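> Handing you this structure, nothing more for now.
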Amino acid sequence: MKPLAAQFDGILCDLDGVVYRGSVEVPGAAETLNAIRELGVKCAYVTNNASRTPAEVALQLHQMGIHTNPSEVVTSAQAGAQVLSELVPLGSKIYVVGGNGIDVALRDVGLNPERNPAGCVAVLQGFGPAIEWRHLAEASYLIQDGAVWVATNSDLTFPTEKGIAPGNGSLVQAVAHAVGREPDGLGGKPSPALMTLAITRMDSHKALMVGDRLDTDVAGAHDLGIATLLVLTGVATIEDVWRSEIRAIYLGESINTLNEPYPLCLVENHHAHCEGAQAVFHTGEIRVMASGGTLINRLRAADALKWDLLNSVGIARFASGEIALDLNNN
Ligand SMILES: [Mg+2]
């Protein structure tokens, strides 16, 4: 059987929570990504992090042993610059809030990044650790005077070694409070700009998005009609999968699922099975059989049953404690 990745001509790969966690590589990620390249399947690394340039991101991936180059990295700064380039004339002066990755992305689309607000007709707001109140204030004044306003991404928080920190979305909201409205455009996931840019660059006609978040990676791909692989090495938990109202087509323990054949999950008469793992719908609840199959296949069977029930009878409720018990037994 062919590995899952071979069913597609391009892989859109999220980074944090998929390829690495902070500065630590997800075990096997480099081998998997290099193997996919050997299959002839293209890869694009899509990240909502706007502060770093594609060259900086590619260097980090290279140091992890992943064969790649900057043209395979697509950032929300690039997507935001692309969105902005469709709203203002070529050569316009753009006031930059955020890191160097934003200046580079603007120049690449023929716009002029400025750190002085005089004469700027638009604001591109992204994250950078050196942002000060006065930058947010200058952006607010420009927007109140009619400047176009695009945000690279709307993530409210992001994890750091010391804990959860305010993300770009929180700083965008600070400006929104001052100007009384939301941005005119958004570059990063879940808006379609970032993934569309990556698909165009790969010239892909059948892409798969690999991500660790249901609200950005899976939701964004779903809106574009792209298949998704949700991995459990980042933000999303098994409980999130149960509660989700958006279906990830494939579920994997990690990115390494890409390089493995994906098992067939069959649902018949309120009974799902997936390579020895079973889930049944009984007395109004989905129950996962504690024995038989691997944990991930039990999850796949239960999820397949959930969506089958939602489509056929409109209900899907998991027995309380069932999944936690299952995890503890594994
Ligand atoms: Mg992620």
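> If each of Asp215 and Ala165 carries a label point 7 Å out from its Cα toward its Cβ, how far apart are those two points in nm?
Inter-label distance under the simple model: 2.0 nm.
> Now for a different question. Using a Förster distance of 25 Å, how high is the FRET efficiency between His67 and Asn100, based on the Cβ-Cβ distance and rounded to 0.05?
For R0 = 25 Å, the calculated efficiency reads 0.50.
> How large is ³J(HN,Hα) for each residue in segment 146-163, as worked out from phi by the Karplus curve 6.51 cos²θ - 1.76 cosθ + 1.60 (θ = phi - 60°), to whole Hz, x for Gly and Pro?
So the J values, rounded to whole Hz, are x, 5, 6, 10, 10, 9, 5, 7, 10, 4, 6, 9, 8, x, 10, 4, 8, x.
> Per residue of segment 305-313, in order, report the coupling 6.51 cos²θ - 1.76 cosθ + 1.60 (Karplus, θ = phi - 60°) as ³J(HN,Hα) in whole Hz, putting x for Gly and Pro.
In residue order, the calculated couplings are 5, 4, 6, 5, 5, 4, 6, 9, 10 Hz.
> Compute the FRET efficiency between Met1 and Leu59 as 1/(1 + (r/R0)^6), taking r as their Cβ-Cβ distance and R0 = 35 Å, and round to the nearest 0.05.
About 0.50, to the nearest 0.05.
> OK, next. In deg cm²/dmol, rounded to 500, what helix-only [θ] at 222 nm does the chain give when every DSSP H run of at least 4 residues adds -39500 (n - 2.57) and the total is split over its residues? Could you put the intermediate results ahead of the total?
Values: 11 runs with 110 residues, N = 330.
That calculation yields -10000 deg cm²/dmol at 222 nm.
> From the mean inverse distance of alpha carbon pairs (Kirkwood) and the Cα radius of gyration, derive Rg over Rh for the chain.
1.02
> Follow-up. Quick check for the chain: number of Lys pairs with alpha-carbon distance under 27 Å, counting only pairs 8 or more apart or on different chains?
For the chain, the number of qualifying lysine pairs is 10.
> List every residue whose amide H lies under 5 Å from the amide H of Arg21, counting only residues 5 or more places away in sequence or on a different chain, with H placed 1.01 Å from N in the peptide plane.
Val26
> Near the amide H of Phe318, under 5 Å away, which other amide H atoms are found, from residues 5 or more places off or on another chain, if H is placed in the peptide plane?
Hits under the 5 Å cutoff: Ile286.
> With a cap of 15 neighbouring Cβ atoms within 10 Å, and only residues DSSP puts in a loop, list the GluC sites (Glu not before Pro) found in segment 42-89.
Hits after loop and neighbour filter: Glu86.
> Going by a 4.7 Å Cβ-Cβ cut-off, which cysteines of the chain have no partner at all?
That list is Cys13, Cys43, Cys120.
> Quick query: amide H of Phe158 versus all other amide H atoms, modeled in the peptide plane; which residues come in under 5 Å with a sequence gap of 5 or more or a different chain?
So Phe158 has HN proximity to Ala165, Gly167.
> I need to check one value: relative contact order of the chain, counting alpha carbon pairs closer than 8 Å and at least 6 residues apart, in percent.
So the answer I get is 16 percent.
> Provide the percentage of antiparallel DSSP beta bridges, counting only those with both residues in segment 125-227; round to the nearest 5.
50
> Right, next: What percent does the relative contact order of segment 93-244 come to when contacts are Cα pairs within less than 8 Å and at least six residues apart?
Relative CO of segment 93-244 lands at 15 percent.
Every number in this text was worked out from the coordinates using simple rules, so none of it is lab data. What you see is a predicted model, and the numbers here were worked out from it, not measured in a lab. Please note: Cβ atoms are built from the backbone with ideal geometry, for glycine as well, and neighbour counts cover all protein chains shown.
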